[in-house]
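The structure appears below as structure tokens.
Laboratory data are not the source of any read-out in this text; all were calculated from the coordinates shown. Bear in mind that the values here come from a model prediction, so they are computed numbers and not experimental data. Methodologically, a virtual Cβ is constructed for each residue, glycine included, from the backbone with ideal geometry; neighbour enumeration extends over all protein chains shown.
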Amino acid sequence: MTPPPDSSSPPPGASGASGAKPPDAQPPATTVSPAELRRLFFRVFPAVALAMFGAALDQTIVAASLPAIARSLGDVERISWVVVLYLVANTVAAPVYGRLGDAFGRQRMLLVALAVYATGATLCAFAGSLSTLAAARVVQGFGGGGLISLSVALIAEVVPARERGRFQAYIAAVFTTASALGPVLGGVMAEYFGWRSIFMLQLPLSCLAAWLAVTRLGNSARGSSKGFSFDWWGLVLFAVFVGPALLALDQARRLAAGPLAVAAVLAMVAGLALWLLLRQERRAPHPLLPLNLLGNATVWRANLMSSCVAGAFVGTIAFLPIYFVAVRGLSAASAGLALLPLSACAGFGAITSGTLLARTGHLMRWPGIGLSMSGTLLVVVTLGLGQLPLVAMAGLLGLVSMGFGMSFPMVQVAVQVAAGPKLLGSATASVQFTRSLGAATGTALLGAVLFGALTLQGEEATRLFVALVNQGPAALATLDPLAEAVFRGQMTTAFRASFATAAALVLFGAWMSTRVPLRRV
């Protein structure tokens, strides 16, 4: 998939709402030497790297332990909400930290985010039911919503847009390491130390990250709060929009009259909240969601592409461990190892595209190539799901992940350049909250397709699947070999439908990458 011709300067629509060239469309520090850039980067990077590491680790380490959590707490049909509710809170929180970081300083807000995140992790570790765990994940997610966006914004303060590609290897290494360790640690710790240990791990990481933020950042990220008033109504309406919208997806997957009626009501609530939110943001003096920024063609198209990729990526990571355990019969630790290529290789794709950006200045060419490859390979995995050997499947998923990763840094740079320095925090947060919203929606959508496909094959298939996840292979002990083979075929069909949905999301994201106006920096 070849993007439209590039130009050396942003085309119309690539800048701010006024149509003028954004203030930082050219690197803001062209006179800074490479040695000075390196010194500035490494002053900030160690302080934010650990915060990014904890946030990146969370999604994959928790996803790998979902089967163990389901067996311990039950209610497997809602187990995906351990991931989804975290992402909902993450989505709502991201613009809050972006706006407050612009006003009061990103270092201060990073410390707040770490404190809330650590509190949520502690509550998760002591949860006694799935409902309690889900509520604790909301607290943890509200803290995690600021970790990545504030960290990336802090780096963007000292490194010009084009030069960020040269340092992408360090940033990507954090995500690669965290994503690679997540499935292995999640599987091993859940199997040998219990799933609660994965949340306790976040406490020392958060404390160390806070210490580094205090000692290394100082007042480097201090903002100006003069005349600032927080948009509380915008926050409330945004939460009322996001929550019911995702709950509607959860109800719709049941494919029954009662749940579908509930889904319709929730969808109407979400639609009304969205309409009121847009009205509120147009008249708020300091809107939570700056519409002039979000309406920028470069910003909304890049963010839409990013949300599609996040939905496919996080949704696939959330359900693959269940596939490996329930269909392939792997242990939790083995499932974590099988998931390793998908979660680890995105960082290598980010390193590649970041390096190519620094060398060529081309921005959206690399996501177009990477996502086209990923979507095509996901189709191959979908078609061969029942026959592919585990090694071949893991290798293909690693290549899929590399394609995903090629889009990650490009979206951040495109949105930051289009927004300009005054809205740097809000722009970076827009990537985070649209990515989180896409991840939550994608996870809910893939779950809806999975359970919907099982329901269409009969209630017995759904019942057996829930029992299999809860009880392990013992749930199939009463089935004769023919009935077991039929059931495993039904599960494969359901997972195939779910993965096909992920492929469609990625291919749509690949097409969107060609529609982003800003082509070069």
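The figures follow:
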read-out	value
Rounded to the nearest 20 debye, dipole of the chain from Cβ charges on Lys, Arg, Asp, Glu	1380 debye
Region 315-440 - percent relative contact order, Cα under 8 Å, separation 6 or more	31 percent
Residue order, fewest to most beta carbons within 10 Å, for SER65, SER331	SER331, SER65
Residues ALA358 and VAL236, FRET efficiency given R0 of 35 Å [Cβ-Cβ distance, rounded to 0.05]	0.25
Cubic angstrom per residue, convex hull over Cα atoms of region 231-285	46 Å³
Cα coordinate range in region 282-363, projected on the principal axes (Å, largest first)	55, 38, 17
Estimated FRET transfer efficiency (THR376, TYR170; beta-carbon r; R0 25 Å; 0.05)	0.25
FRET efficiency, 1/(1 + (r/R0)^6) with R0 25 Å, evaluated for ALA261 and ALA485 via beta carbons	0.10
Cβ-based exposure ranking for GLU191, GLU157, GLU459, in which fewest neighbours within 10 Å come first	GLU459, GLU157, GLU191
Share of pairwise Cα separations in the chain, more than 36 Å, in percent	27 percent
Residue exposure sequence - ARG38, ARG137, ARG365 - by fewest surrounding Cβ within 10 Å	ARG38, ARG365, ARG137
